[in-house]
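Please read the structure below before turning to the comments.
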Amino acid sequence: MEMEKTGAGVAVLSAKEAFEKLEKVGEGTYGKVYRAREKATGKIVALKKTRLHEDQEGVPPTTLREVSILRMLSRDPHVVRLMDVKQGQNKEGKTVLYLVFEYMDTDLKKFIRSFRQTGQSIPPQTIKSLMYQLCKGIAFCHGHGILHRDLKPHNLLMDRKTMMLKIADLGLARAFTVPIKKYTHEILTLWYRAPEVLLGATHYSMAVDIWSVGCIFAELVTKQALFAGDSELQQLLHIFRLLGTPNEEVWPGVSKLKDWHEYPQWNPKSLSTAVPGLDELGLDLLSQMLEYEPSKRISAKKAMEHAYFNDLDKGHL
Amino acid sequence: MPLDHHLFLEEIKMAHRYPKPLLDTLYCLKDHIHWEEEQVEDDEYSSSTTTTITNTNTDTSSVVFLEHDLFWDREELSSLLAKEHQNQLSNTLQKNLVLASSRQEAVEWILKVNAHYSFSTLTAVLAVNYLDRFLFSFRFQNDSNNNPWLTQLAAVACLSLAAKVEETHVPLFVDLQVEESKYLFEAKAVNRMEILVLSALGWQMNPVTPLSFLDYITRKLGLKGYLCLEFLRRCETVLLSVFAGEGGRMLQADDGGCVWVPMRRENDPS
């Protein structure tokens, strides 16, 4: 089956004929990702492949949400651009969907790892530029009522030459409406998961993305994950050891959350102990991103206005 | 935050796609809201208020509305209006009575299944939106005359897609077809219809709907907790009634403090 581009019935090349696969570059949320060349234009793209099992339940919700949400967001320069959706068949005659994305040559995870391997620090102005772009992209998503819910370095694509950063992998993203509905619990990658999610809140919102942004910010400075737990409990304990065990005074309502228990009592430590090398303004911004109480956590839009970014040349961002 | 009445009224005029009964409903609810606020200020609750709270079966403490969740971009309303698509289905239905009839059956079926699974109102609104946009697409209109079952198959696909976008648990294709219908489609057929619908709609599955405006108005009014839920519950009831196409119904408010006006049949479901 070939997808018709217009109602008049003009057929276009199937995905297989239109693109030359060059190499597999990864596994996405629901399938493989290839670097490919569009034969007609010579343009390099990323193809994200999703197989549809005709005897099963149709288009996966993650693919459906990702495509629909990207169709809403694709005009922001800091969200990866979805160029097309093509339908084709694989060797066994099964229906396959190809999402055609602009190609980005690396991601933040690889970028950070490359600095860790050489022992160098990422230059402060580079960190500032990347963080500004991230806040801008997230502000755009939130301004359109979209939660990402899986922000992590691997999902932030980069172009090494231009140092442009783009938000990707919106397969877990959600259109956000009031009242906030019950969402599934096991969503965010553990290291970047907000404490309210870890404590069982299902009515969560934009603040969960900001927590993830804060964790990424710290990781850019230290080149190590800020809170690297290997279970939900360990993740919480990592957070509490640094920020202090929360109570009703610092976070009204925390003890009523579904998964709240008694925890060891730690006093908060200074963020500078965990993130040495970040200046005062950066530490202030980070502390506002890692605020326990979700309603007090800084918004992405306000973060862009923080004094930490004052000396950044924003003209090209 | 105090309500800016003038700004609010100016903006409400821009929301011209609201059905008239909804605007009347808003007027009534406004009075009701004041009454509720007085009760809260007096720190007293009448028995009818208590009953109403119980009836909504909602634990208000589990509803968390963050301050900055309530205020998005200032251009938001104009953005919603700009994104809204013209719905030209009314004209098509007037010329094609067979399609109008099968569409009505399909919408009724969607609403029944939605209620059966306790899906959200947004799921129902999305499903009807997809169905209408699909019915309007060029190729489908011709096919539907010869194959009335196609509209029902489209309805199953549209409800499935809406549930995938909006719900956390989506029933299997076969389980989705719970209400009486002339046809029962196998998974393979629904699967293919899903792809057809998605292609026809350009994969744009988060359209602006009446609920988008409700969302905005709720935040503008600064409604929180129980008031927000009650407001939305009533508006959603009105919307579902409009979709069901029933006219001339009186809806009695639970507390008797507000009687909703008679409704008229709306040509434009969204």
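The values are calculated or read from the model by the stated rules, or taken from the named source; none is laboratory data. Predicted model, so just to flag it, every value in this text is computed and none were measured. Cβ atoms come from the backbone with ideal geometry, glycine included; neighbour counts cover every protein chain shown. What goes into the accessible areas is simple: the full protein's heavy atoms, side chains included, and nothing from ligands, DNA or RNA. Shrake-Rupley method; radii C 1.70, N 1.55, O 1.52, S 1.80 Å.
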Could you report the accessible area of A:E196 in Å², rounded to 10, computed with a 1.4 Å probe on the protein chains as they sit in the structure? 10 Å²
Neighbourhood net charge (13 Å Cβ-Cβ; Lys/Arg +1, Asp/Glu -1) for B:P171: -3
Could you give each residue of the range A:295-304 its phi-based ³J(HN,Hα) in whole Hz, using Karplus coefficients 6.51, -1.76, 1.60 with θ = phi - 60°, and x for Gly or Pro? 6, 9, 5, 5, 7, 4, 5, 5, 4, 4
With label points set 7 Å from each Cα along the Cα-to-Cβ direction at A:K32 and B:D175, the distance between them in nm comes to 3.2 nm
Evaluate the Debye formula for the range A:17-102 with equal point scatterers sitting on the alpha carbons, no solvent, and hand back log10 of I(q)/I(0) at q = 0.15 Å⁻¹, in q order, two decimals. -0.56
In nm, spacing of pseudo-spin labels at A:K161 and A:E248 (7 Å Cα→C-beta vector): 6.0 nm
Cross-link pairs A:K32/A:K109; A:K21/A:K223; A:K39/A:K152; A:K258/A:K302; A:K166/A:K256; A:K32/A:K128 - those with Cα-Cα distance over 28 Å: A:K21/A:K223; A:K39/A:K152; A:K258/A:K302; A:K166/A:K256; A:K32/A:K128
Given the whole protein assembly as supplied and a 1.4 Å probe, what does the accessible area of B:W149 come to in Å², nearest 10? 100 Å²
What figure, in Å² to the nearest 10, do you get for the accessible area of B:R192 with a 1.4 Å probe and non-protein molecules left out? 130 Å²
Using the C-alpha atoms of chain A, what convex hull volume per residue, in cubic angstrom, is computed? 164 Å³
For the A and B pair, go ahead and give the buried accessible area with a 1.4 Å probe, both sides summed, in Å² to 100. 3700 Å²
Hey, with R₀ at 51 Å, roughly what FRET efficiency would B:V98 and A:L22 work out to, going by the Cβ-Cβ distance, to 0.05? 0.50
Roughly speaking, what is the stretch gain from A:S270 to A:K256, that is 0.36 nm per residue apart minus the C-alpha to C-alpha distance, in nm to one decimal? 2.3 nm
Sequence of B:W109, A:W260 from largest to smallest accessible area, 1.4 Å probe: A:W260, B:W109
With -39,500 (n - 2.57) per DSSP H segment of 4 or more residues and division by the full residue count of chain A, the 222 nm estimate, nearest 500 deg cm²/dmol, is -9000 deg cm²/dmol
Accessible-area order for A:T62, A:T41, largest to smallest, probe 1.4 angstrom, reads A:T41, A:T62
